[in-house]
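Presented below is the structure to which this report refers.
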Amino acid sequence: MGHISLAFLIVYCVSIRYPDVTKKVSIPLIMLLSVLPDIDIVLGLAGIDLVHRTITHSIIIWFIVGGAIVFLISLKYKRGSEAAIYLTAYMSHLVIGDIVVEYINIFYPIGDVTVYSPIESGSMQHISLEAILVGLMSTVVITKFKNRKKKLFHFGYHARVDSFLYLLLILAIIISAIYIIVEFQFSLVYVSILIILHSAAIATIILLWIASWHEY
């Protein structure tokens, strides 16, 4: 939830300054890219042995790979700005999310410079941060949704595939909630808080999905 909310807030702030750029990007894709690094967890559950917070969380690998992709897209399609937004969504998970919570080896796989955070996954501090980010995202979406006569956001891109992406995003949040509850074996109070937060995130995404219909 935190990664999704953070990516949304970053792109929303960018949209205020550069509306011509963000109106050409897919918001549900932005959100999905923000949680894509955690695909290593899903692969692990599927029996594919990929250590968490390694390859998919490598700042160096994805900065080089992503930078090359942005450069090539910019040369061929003249849409480097949009590609950079997508890369920013992915990198926000690594550069902000993983540094703020738990740890990350900044130089993986060429070296070991691991940055540790005092905030542990599943701690009250972590849940509080998630609640703040989800709350901010929800506030932006609800506030904008109330004013339907004007453009809700500077997000002008919408394709048929976006509906599928929104559904996939909701599914990802549900799977995340189940995984966290099973993995950490929280108390009933913690479980209740997590369910409320995940439900709030899903409700906000559904509202954002509905809001996108009014943009076109």
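The values are calculated or read from the model by the stated rules, or taken from the named source; none is laboratory data. Note that this is a predicted model, so its numbers are computed, not measured. Positions of Cβ are generated from backbone atoms using ideal geometry, with glycine treated the same way; all protein chains shown enter the neighbour counts.
Structural remarks
- Residue list for the range 59-98, restricted to those being charged (D, E, K, R) and either within 16 Å of LYS23 (Cα to Cα) or crowded, with 16+ Cβ neighbours inside 10 Å (or both): LYS78, ARG79, GLU82, ASP98
- Enumeration of residues in the range 109-141 that are assigned to a loop (DSSP other than H, G, I, E, B), surrounded by 14 or more Cβ atoms within 10 Å (Cβ to Cβ) and modelled with pLDDT under 90: GLY122, SER123
- Candidate set from the range 177-201 (those that are more than 19 Å from GLU120 (Cβ to Cβ) and touching a residue at least 12 places away in the same chain (Cβ under 8 Å)); member that is surrounded by the fewest Cβ atoms within 10 Å (Cβ to Cβ): ILE195
- Any hit, the range 48-56, residues being surrounded by fewer than 20 Cβ atoms within 10 Å (Cβ to Cβ) and closer than 23 Å to LEU165 by Cβ: no
- Within the range 7-22, considering residues that are at pLDDT below 80 and β-branched (Val, Ile, Thr), the one farthest from GLY80 (Cα to Cα): THR22
- Counted residues, the range 11-20 - those being of a type in the set (A, V, I, L, M) and buried (at least 18 other Cβ atoms within 10 Å of the Cβ): 2
- Restricting the range 9-43 to residues that are part of a loop (DSSP other than H, G, I, E, B) and not polar (S, T, N, Q), the residue that is farthest from ILE205 (Cα to Cα): TYR18
- Residues considered: LEU165, LEU197, LEU169, LEU188. Of these, the only one that is of a type in the set (A, V, I, L, M) and at pLDDT below 85 is LEU188.
- Contact map, the range 91-120: residues that are closer than 10 Å to ILE59 by Cβ paired with residues that are modelled with pLDDT of 90 or more and assigned to a loop (DSSP other than H, G, I, E, B), Cβ distance under 7 Å, separation 6+ or inter-chain. Pairs shown: ILE99/SER117; TYR108/SER58.
- Residue in the range 27-41 that is farther than 19 Å from VAL100 by Cα, of a type in the set (Ser, Thr, Tyr) and in contact (Cβ under 8 Å) with a residue 12 or more places away in the chain present: no
- Residue list for the range 24-37, restricted to those being at pLDDT below 90 and either of a type in the set (S, T, N, Q) or buried (at least 17 other Cβ atoms within 10 Å of the Cβ) (or both): VAL25, SER26, ILE27
- Per the conditions (1) closer than 13 Å to LEU207 by Cβ; (2) exposed (fewer than 13 other Cβ atoms within 10 Å of the Cβ); (3) modelled with pLDDT under 75, the sole criterion not satisfied by LEU152 is (2).
- Residue tally, condition closer than 20 Å to ILE178 by Cα and of a type in the set (S, T, N, Q), over the range 11-70: 1
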